[in-house]
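J.: My questions all concern the structure below.
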Amino acid sequence: MTLQESVWSETESPRIKSYTLINFHDLPQIQKLSEQQQFEMEVVGNVLPFKANNYVVEQLIDWNNIPNDPMFVLTFPQKEMLQQKHFEKMANVLKNGADKKEINNIANEIRLQLNPHPAGQLELNVPTLKDGTKLYGMQHKYKETCLFFPSQSQTCHAYCSFCFRWPQFVAMDEMKFAMKEGEQLVQYLTEHPEISDVLFTGGDPMIMKASIFEKYIDTLLEADLPNLKTIRIGTKALAFWPYKFLTDNDADQTLGAFEKTTNKGLHLAFMAHFNHHKELSTGSVKAAIKRVRETGAQIRTQSPLLAHINEDADVWAEMWRQQVKLGCIPYYMFVVRDTGAQHYFGVPLVKAYEIFRNAYKQVSGLGRTVRGPSMSATPGKVMVDGIVTINNKKVIVLKFLQGRNPEWVSTPFFAEYDENAIWLDDLKPAFEEKFFFEDELSQKYSGARKLDKS
Ligand SMILES: *Cc1c(COP(=O)(O)O)cnc(C)c1O
Ligand code: SF4
């Protein structure tokens, strides 16, 4: 990286300042918008999670490009994110000067219609200890990797408007996954020698104070589990608050915990969430990436494909090129889930495949580590692998990147060509009655009602 690019001033050590429904009107950039626009944001922000911060507002959003700027759409509520009937319902409640409780009731009523826990996360993937304890702070869906939701990481440095984790941020408490103790995690890993990877997720685990994060890491490292090979951290902190790794009080301690992990001989896989190359453009994010890599951690990147934000092959190609240049490894392109504002962000599978291909073919082999477009659906991660014509029939080629049954992985299967399908359960098998995995899925997991309820 050239000096020019990597400069972030040592004196640039901002404190995070959050913008939410309560104070976003104070922003001079927002005051330039019409009252109607501000009201629309308020309506949507009362249903979907909304939180921006000073880094996003001052360094990522191009306020000369409102309302189309991708970083603006990523973090600020837009009218069309709600279906019209829901928008009007909330708008009326607000116009009538309803009290907090009433607003909240209507908000919850609308949220419940937005499929708040897709892929049956609540029941289907919750693991159990041998003594019968249910671990609501964990999910174990694919053999080698279990997800861990520390109770202190149920929030983020800012919220992505498309986020499928949104029920966690809007105080619908019973939907929260949380677990206090790292010990139960260690117990579960001991009982399951097939697990090699623990993935810290949330919210954003990098919102945790380093002292708490380090305690979890210490608990894992001190347990000396022979099966544990990799600790993964799923985070958007590099994009939303790079100072977490630069100038925050606990930056050094956080990086120290990474280093401890790699010194112990484990892989620290930093799963960084970037939606647009704009997020890779500031001096601070580049410096933060450098510091994370200096701990021996490896940064892999992932993002959903999102209408209004990155629905453009050139944006992806540029993002992957920048990532490779900064020493990051492109990993996954996801299809946006069937929840929340999918009608706004959703991209049909056929189009997603075209965007992926047109981006993939532009980058060097080092960027072609990326896989996708992939749906995290009930039976597994299903990738759209091509569009072909077989015996005069146009079909979509699919394959599992991950399966509830590992035997399903990497077996091609075929769906009828459908330009409008946006999720696995919109697709019909091309040559059979059912997809090859469907019987087994419904036998093994009677809780799996439909393909989309993972
Ligand atoms: C994506 C995912 C993982 C990790 O899968 P990899 O392909 O190993 O990155 C683990 N658990 C769940 C539930 C997932 O959705
Ligand atoms: S950072 Fe991740 S968990 Fe947080 S709002 Fe964005 S997508 Fe959701």
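J.: More than 39 angstrom separation, counting every C-alpha pair in the chain; what % is that?
T.: Numbers: 20518 of 102831 pairs.
That tail contains 20 percent of the Cα-Cα pairs.
J.: At a threshold of 8 angstrom on Cα-Cα distance, excluding pairs fewer than six apart, so keeping six or more, what relative contact order does the chain reach in percent? Each step should come with its number before you reach the end.
T.: Working: 849 pairs, mean separation 60.3, N = 454.
Across the chain, relative contact order equals 13 percent.
J.: Something else now. On a 24 Å Cα-Cα criterion, which of the cross-link pairs Lys134/Lys264; Lys394/Lys428; Lys143/Lys393; Lys85/Lys236; Lys236/Lys278 come out too long? If you can, show how the numbers build up before the last one.
T.: Details: Lys134/Lys264 30 Å; Lys394/Lys428 12 Å; Lys143/Lys393 36 Å; Lys85/Lys236 32 Å; Lys236/Lys278 14 Å.
Violating the 24 Å Cα-Cα cut-off are Lys134/Lys264; Lys143/Lys393; Lys85/Lys236.
J.: Using a Cα-Cα cut-off of under 14 Å, which aspartates and glutamates could be cross-linked to Lys101, ignoring same-chain neighbours fewer than 8 residues away?
T.: Leaving aside aspartates and glutamates fewer than 8 places away in the same chain, those within reach of Lys101 are Glu109.
J.: Within 13 Å, Cβ to Cβ, of Ile207, how many net charges do the neighbouring residues add up to if Lys/Arg are +1 and Asp/Glu are -1? Mind dumping the intermediate values first?
T.: Values: positive: Lys51, Arg165, Lys209, Lys236, Lys244; negative: Asp204, Asp248, Asp250.
That sum, taken over residues with Cβ under 13 Å, equals +2.
J.: Something else: Please get the size of the charge dipole for the chain, origin at its Cα centre, with Cβ charges of +1 on Lys and Arg and -1 on Asp and Glu, quoted in debye to the nearest 20.
T.: Numbers: 51 positive and 55 negative charges, 77 e Å.
Value, rounded to 20: 360 debye.
J.: Which order, highest average first, do 147-154, 222-229, 105-112, 129-136 follow once you tally other Cβ atoms within 10 Å for each residue and take the mean per peptide? All intermediate terms of the calculation are to be shown ahead of the outcome.
T.: Numbers: 147-154: 22.1, 222-229: 13.9, 105-112: 16.1, 129-136: 11.9.
My ranking of the peptides, most packed first, is 147-154, 105-112, 222-229, 129-136.
J.: OK, next. Which entries in Lys209/Lys290; Lys51/Lys79; Lys290/Lys351 show an alpha-carbon gap greater than 24 Å?
T.: Working: Lys209/Lys290 21 Å; Lys51/Lys79 16 Å; Lys290/Lys351 35 Å.
From the list (Lys209/Lys290; Lys51/Lys79; Lys290/Lys351), the Cα-Cα distance tops 24 Å for Lys290/Lys351.
J.: Given the rule -39500 (n - 2.57) for each run of at least 4 DSSP H residues, summed and divided by the residues of the chain, what is its mean residue ellipticity at 222 nm, to the nearest 500 deg cm²/dmol? Mind dumping the intermediate values first?
T.: On the way: 16 runs with 142 residues, N = 454.
After summing the helix terms and dividing by residue count, I get -9000 deg cm²/dmol.
J.: Let me ask something else about it. Would you please give the FRET efficiency between Lys290 and Lys32, computed as 1/(1 + (r/R0)^6) with r the Cβ-Cβ distance and R0 = 35 Å, to the nearest 0.05?
T.: Values: r = 36 Å, r/R0 = 1.02.
So, using R0 = 35 Å, E works out to roughly 0.45.
J.: How much length is gained on full extension from Thr262 to Ile103, taking 0.36 nm per residue of separation minus their Cα-Cα distance?
T.: On the way: separation 159, 0.36 × 159 = 57.24 nm, distance 4.83 nm.
Gain in length upon complete extension: 52.4 nm.
J.: Sticking with this one: Going by average Cβ density within 10 Å per residue, which order do the peptides 327-333, 139-145, 28-34 take, highest to lowest?
T.: Ranked by mean Cβ neighbours within 10 Å, highest first: 327-333, 139-145, 28-34.
J.: Report the charge-dipole magnitude of segment 247-370 in Debye, nearest 20, computed about the Cα centre from +1 at each Lys and Arg Cβ and -1 at each Asp and Glu Cβ. Intermediate results must be reported in sequence, preceding the final value.
T.: On the way: 15 positive and 12 negative charges, 87 e Å.
Dipole about the Cα centre, nearest 20: 420 debye.
J.: Roughly how many nanometres apart are two label points built 7 Å out from the Cα toward the Cβ at Glu433 and Asp218?
T.: Placing both labels 7 Å along Cα→Cβ, they lie 5.9 nm apart.
J.: While we're looking at this one, here's another question. Just going by the charge dipole of the chain, with Lys and Arg at +1 and Asp and Glu at -1 on Cβ, which of Asn115, Leu94, Met41 is farthest out on the positive end?
T.: Highest projection toward the positive end goes to Asn115.
J.: Hey, if you put +1 on the Cβ of every Lys and Arg and -1 on every Asp and Glu Cβ in segment 384-425, which of Ile396, Trp408, Ala421 ends up farthest toward the positive end of that dipole?
T.: So the residue furthest toward the plus end is Trp408.
J.: If you place +1 on the Cβ of every Lys and Arg and -1 on the Cβ of every Asp and Glu, how big does the dipole about the Cα centre of segment 9-111 come out, in debye to the nearest 20?
T.: Values: 11 positive and 14 negative charges, 80 e Å.
For this selection, approximately 380 debye.
J.: While we're on this one: Would you work out if segment 242-311 is rounded, prolate or oblate? Take a ≥ b ≥ c from the square roots of the eigenvalues of the alpha-carbon gyration tensor; rounded if a/c is under 1.5, else prolate when a/b is larger than b/c, oblate otherwise. Working shown, then result.
T.: Numbers: a/c = 2.93, a/b = 1.65, b/c = 1.78.
Since a/c reaches 1.5 but b/c is at least a/b, the shape of segment 242-311 is classed as oblate.
J.: Also, quick follow-up: Put a dot 7 Å past each Cα toward the Cβ at Asn392 and Asp62; how far apart are the dots in nm?
T.: A separation of 5.0 nm, rounded to one decimal place.
J.: While we're on this one: Set the Förster radius R0 to 41 Å, insert the Cβ-Cβ distance between Gln362 and Ser13 as r into 1/(1 + (r/R0)^6), and round the FRET efficiency to 0.05.
T.: Numbers: r = 37 Å, r/R0 = 0.91.
The formula returns an efficiency of 0.65 here.
J.: Next up: Count charges around Asn53 for me, please; just the other residues with Cβ under 11 Å from its Cβ, Lys/Arg as +1, Asp/Glu as -1. Write out the running numbers ahead of the final one.
T.: Working: positive: Arg15, Lys17, Lys51; negative: Glu58.
Residues close to Asn53 contribute a combined charge of +2.
Read-outs throughout are calculated quantities, based only on the coordinates presented, and are distinct from any laboratory measurement. Small disclaimer: the values here were computed from a predicted structure and weren't measured. Heads up, the Cβs are rebuilt from the backbone with ideal geometry, glycines too, and the neighbour counts pull from every protein chain shown.
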